[in-house]
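Below is the structure I would like to discuss, written out as structure tokens.
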Amino acid sequence: VQLQACGGGLVQAGGSLRLSCAASGRTFIRYFIGWFRQAPGQEREFVSTISQSGGRTAYADSVKGRFTISKDNAKNMVWLQMDSLKPEDTAVYYCAARDGNRVSSQAGAYDSWGQGTQVTVSS
């Protein structure tokens with residue numbers, strides 16, 4: 001599966017952004033889709049993931065209650081709604097796909113990665 005993320009931009013603290021991840025391929029429904037982010041000089045970190053059916057989701061503690069992941073299998077799309085953004089959310093955000101049946105927050109468990117989209121939150 002090939003992935004492409006978009007929707008990043010510059011926003012003030014407290015604002016919102018909605019990231020999109022478009023997937024190609026008829027096997028999209030097989031995959032967990034995850035969002036990760038990487039700030040300059042830091043390791044890539046888990047943000048959120050959603051199961052094949054959309055029935056299971058998981059979030060990093062740092063974004064819980066502020067970010068919401070959703071998907072539409074018919075459209076091969078996953079979204080990350082980010083509200084109440086903070087300067088520490090500034091990073092390049094990536095979507096990734098994982099062919100499995102368990103929730104995972106480990107970047108190494110994901111097989112396919114899209115290009116990142118930059119999110120910058122000003123204070």
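To the nearest 20 debye, what charge dipole does the chain have about its Cα centre, counting +1 at the Cβ of each Lys and Arg and -1 at the Cβ of each Asp and Glu?
Values: 13 positive and 9 negative charges, 73 e Å.
That gives the chain a dipole magnitude of about 360 debye.
Sort out for me the Cα centre separation of region 1-62 from region 83-110, rounded to whole Å.
The two parts, judged by their Cα centres, are 5 Å apart.
Let me ask something else. Residues with beta-carbon under 13 Å from that of M77, excluding M77: net charge, scoring Lys, Arg +1 and Asp, Glu -1? Mind dumping the intermediate values first?
Details: positive: R18, K71, K75; negative: D72.
Every neighbour counted, the sum reads +2.
Could you list the chymotrypsin sites (Phe, Trp or Tyr not before Pro) in region 4-40 that lie in coil according to DSSP, counting only those with at most 10 other Cβ atoms within 10 Å of their Cβ? Mind showing how you got there, number by number?
Numbers: sites: F28, Y31, F32, W35, F36; in loops: Y31.
Counting only loop positions with at most 10 other Cβ atoms within 10 Å, none of the chymotrypsin sites (Phe, Trp or Tyr not before Pro) in region 4-40 qualifies.
Express in nm, to one decimal, how much length is gained between C6 and S62 on full extension, taking 0.36 nm for each residue of separation and deducting their alpha carbon distance.
Numbers: separation 56, 0.36 × 56 = 20.16 nm, distance 2.16 nm.
Difference between extended and current length: 18.0 nm.
Excluding Q118 itself, calculate the net charge of residues whose Cβ lies under 13 Å from the Cβ of Q118, where each Lys or Arg counts +1 and each Asp or Glu counts -1.
Details: positive: R37; negative: D89.
So the surrounding residues net to 0.
Then there is this: Given a 1.4 Å probe and every protein chain left where it sits, what share in percent of the accessible area of the chain is carbon and sulfur? Please report the intermediate quantities before stating the final value.
Values: 2760 of 6300 Å².
The C+S portion of the solvent-accessible surface of the chain is 44 percent.
Same structure, new question: Give the percent of DSSP beta bridges with both residues in the chain that are antiparallel, rounded to the nearest 5.
Details: 37 of 42 bridges.
For the chain, the DSSP antiparallel bridge percentage is about 90.
Looking at the calculated P(r) for the chain, what percent of the C-alpha pair distances fall above 24 Å?
Tail fraction, whole percent: 18.
Send over the Kirkwood Rh of region 48-112, from the inverse of the averaged 1/r over different Cα pairs, rounded to one decimal Å. Before the final figure, lay out the partial values.
Values: mean 1/r = 0.0779 Å⁻¹.
Computed over region 48-112, the radius equals 12.8 Å.
Pairs of Cα atoms under 8 Å, at least six residues apart: use those to get the relative contact order of the chain, whole percent. Mind showing how you got there, number by number?
Working: 315 pairs, mean separation 45.4, N = 123.
Worked out over the chain, it gives 37 percent.
Full-extension gain between N101 and R30, please, as 0.36 nm times their residue separation minus the C-alpha to C-alpha distance. Write down the numbers at each step before the final one.
Details: separation 71, 0.36 × 71 = 25.56 nm, distance 0.89 nm.
Residue separation times 0.36 nm, minus the Cα-Cα distance, leaves 24.7 nm.
Then there's this: Could you check the spin-label model distance between S70 and S123? Points 7 Å from the Cα along Cα→Cβ, value in nm.
3.3
Among P87, S104, G55, which residue has its Cα furthest toward the positive end of the charge dipole of the chain, with +1 on Lys/Arg Cβ and -1 on Asp/Glu Cβ?
Of the candidates, G55 comes out farthest on the positive side.
The values are calculated or read from the model by the stated rules, or taken from the named source; none is laboratory data. Note that the coordinates shown come from a computational prediction; the quantities given were computed from them, not determined experimentally. Note that each Cβ is placed from the backbone with ideal geometry, even for glycine, and that neighbours are counted across all protein chains shown. Heavy atoms of the whole protein, side chains included, go into the accessibility calculation; ligands, DNA and RNA do not. Shrake-Rupley method; radii C 1.70, N 1.55, O 1.52, S 1.80 Å.
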